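Okay, so here's the structure we're looking at.
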Amino acid sequence: MSPFNSLLSEIKRCQVCSPFLALGAKPILQIHPKAKILLAGQAPGKQAHLSGIPFNDPSGERLRSWLGVEHKEFYDATQIAILPMGLCYPGKGRSGDLPPRPECAVTWHERILTALPKIELILVIGKYAQSYYLNKPSASVSQLAQSWLKNPSQIIPLPHPSPRNNIWLKRNTWFEKEMVPMIQKQVKKLSKSD
């Protein structure tokens, strides 16, 4: 077994957070050493837990639209890696899903990122991923995205594509008008290159 397949097998058997998960441990991610684009999100939702497929819901439809990719390309692990901060569904809280378990990123992220040497673009979705990858825990998604517009880099902050963020999108029309076309251009460039 290759070192990469061995790592993936180890991840799939992970039980680190199991005692804290209402539905038990079921790590959900999509990785391949050839991937050039990384989607770093929060944690799988209940639908993803049940199906085993990340972003297989209305949030995923919106995210694919923002990236300008079709379903087939989105789920091609050789092109797009999907790595949530918490690999398992954390359960339901009072106002939505619970935060990702903190043990997960500490246990897996550095090892996984090392196994993805071709990543050229990282899209960080939501506050937990943005805090980890951009190290600006007090900055809002609006501040981070506007800062990126002024000074684009390889790490792109995105609001969560959930329908729960419709109000944010209506208040921040610049995101879909200005930022999404820039993101689509970068994604297209990487998905066409070898």
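The values are calculated or read from the model by the stated rules, or taken from the named source; none is laboratory data. Quick caveat: nothing in here was measured; it's all calculated off a predicted structure. A quick note on method: Cβ atoms are made from the backbone with ideal geometry, for glycine too, and the neighbour counts reach across all protein chains shown. Side chains are part of the model used for accessible areas, which takes the heavy atoms of the whole protein and leaves out ligands, DNA and RNA. Shrake-Rupley method; radii C 1.70, N 1.55, O 1.52, S 1.80 Å.
Condition check ((1) among the acidic types (Asp, Glu); (2) within 14 Å of the chain's Cα centre (by Cα); (3) within 20 Å of GLY60 (Cβ to Cβ); (4) surrounded by 13 or more Cβ atoms within 10 Å (Cβ to Cβ)) across all residues:
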position: ALA105; (1), (2), (3), (4): no, yes, no, yes
position: THR114; (1), (2), (3), (4): no, no, no, no
position: PRO117; (1), (2), (3), (4): no, no, no, no
position: SER131; (1), (2), (3), (4): no, yes, no, yes
position: LYS136; (1), (2), (3), (4): no, no, no, yes
position: SER142; (1), (2), (3), (4): no, no, no, yes
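Could you run through region 93-102 and say how many residues are open to solvent by less than 50 Å² (accessible area, probe 1.4 Å) and either in contact (Cβ under 8 Å) with a residue 60 or more places away in the chain or part of a strand (DSSP E or B) (or both)?
Within region 93-102, the first condition is being open to solvent by less than 50 Å² (accessible area, probe 1.4 Å), and the residues that meet it are 93, 96, 100.
Checking the rest, the ones that are also either in contact (Cβ under 8 Å) with a residue 60 or more places away in the chain or part of a strand (DSSP E or B) (or both) come to 93, 96.
So the count comes out to 2.
Taking the residues in region 26-44 that are touching a residue at least 60 places away in the same chain (Cβ under 8 Å) and part of a strand (DSSP E or B) as candidates, determine which candidate is surrounded by the fewest Cβ atoms within 10 Å (Cβ to Cβ). So the residue we want is ILE37.
Please work out if ALA22 is part of a loop (DSSP other than H, G, I, E, B) and either among the β-branched types (Val, Ile, Thr) or open to solvent by 20 Å² or more (accessible area, probe 1.4 Å) (or both).
Spelling it out, ALA22 is indeed part of a loop (DSSP other than H, G, I, E, B) and either among the β-branched types (Val, Ile, Thr) or open to solvent by 20 Å² or more (accessible area, probe 1.4 Å) (or both).
Looking at this structure, is PRO181 within 30 Å of SER95 (Cβ to Cβ) and either surrounded by 17 or more Cβ atoms within 10 Å (Cβ to Cβ) or free of Cβ contacts under 8 Å to residues at least 12 places away in the same chain (or both)? No: the conditions fail for PRO181.
Looking only at region 42-52, decide whether some residue is touching a Lys or Arg at 6+ places or on another chain (Cβ under 9 Å) and polar (S, T, N, Q). Within region 42-52, one or more residues are touching a Lys or Arg at 6+ places or on another chain (Cβ under 9 Å) and polar (S, T, N, Q).
Output yes when any residue across region 70-92 is open to solvent by 70 Å² or more (accessible area, probe 1.4 Å), modelled with pLDDT under 95 and not in a helix (DSSP H, G or I), and no when none is. Taking every residue of region 70-92 in turn, at least one turns out to be open to solvent by 70 Å² or more (accessible area, probe 1.4 Å), modelled with pLDDT under 95 and not in a helix (DSSP H, G or I).
With respect to the conditions (1) of a type in the set (A, V, I, L, M, F, W, C); (2) open to solvent by 70 Å² or more (accessible area, probe 1.4 Å); (3) over 30 Å from ASN5 (Cβ atoms), PHE175 falls short on a single one, namely (2).
As a summary of the residue check, ALA139 satisfies the conditions (1) at pLDDT 95 or above; (2) over 23 Å from ILE80 (Cβ atoms); (3) aliphatic (A, V, I, L, M) except for the one numbered (1).
Going residue by residue through region 45-59, is there one that turns out to be part of a helix (DSSP H, G or I), touching a Pro at 6+ places or on another chain (Cβ under 6 Å) and of a type outside the set (S, T, N, Q)? Taking every residue of region 45-59 in turn, at least one turns out to be part of a helix (DSSP H, G or I), touching a Pro at 6+ places or on another chain (Cβ under 6 Å) and of a type outside the set (S, T, N, Q).
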